[in-house]
1. Roughly speaking, what is the stretch gain from residue 140 to residue 125, that is 0.36 nm per residue apart minus the C-alpha to C-alpha distance, in nm to one decimal?
2. Please state the shape class of region 110-173: rounded when a/c is under 1.5, otherwise prolate if a/b exceeds b/c and oblate if not, all from the C-alpha gyration tensor.
3. Pop a pseudo-label 7 angstrom from the Cα along the beta-carbon direction at both residue 158 and residue 102 and give the gap in nm to one decimal.
4. Taking other Cβ within 10 Å of each residue's Cβ, how do 5, 35 sort, fewest first?
């Protein structure tokens, strides 16, 4: 392709629309008389523009039909009715939730455990385990049996909810 063809191709759309100055239009016409390739491009361009014009015209007709299906009548959406219905539904739901909240019988809740209770239980279990271990070491001496039984009873009475207290109960019996 020659450089002159490249310049002409840039002007072909404006040439087909009649938008070029008379001197530019004369230059393009002279070139088209000599160059068959540029004439083919111009022919294809004219066909494309015709097709686009038909589609455009046809599309405008469809748009007019879509915009104005029944002359003189427009459909109005009753927004206030929808808003009132939605507000009523929201009111009923809110009332229902509040009513259930206040009229629901209260279930006896489990004893709430806080960190202080947990810490106390851990300390008690640790103390009971230490006492049990010390008592078992003391039980190895034959003369200390009465002291050992007293220690087991102390563990059971002082730390009743610990695993060490359960072990101590078994050893007393």
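Bear in mind that the values in this text are calculations on the coordinates, not laboratory data. Quantities reported herein were computed from a predicted structural model and do not represent experimental measurements. We place every Cβ from the backbone using ideal geometry, glycine too, and count neighbours over all the protein chains shown.
1. Extra length from residue 140 to residue 125 when fully extended: 3.1 nm.
2. prolate
3. Computed distance between label sites residue 158 and residue 102 equals 5.4 nm.
4. With the fewest neighbours first, 5, 35 line up as 5, 35.
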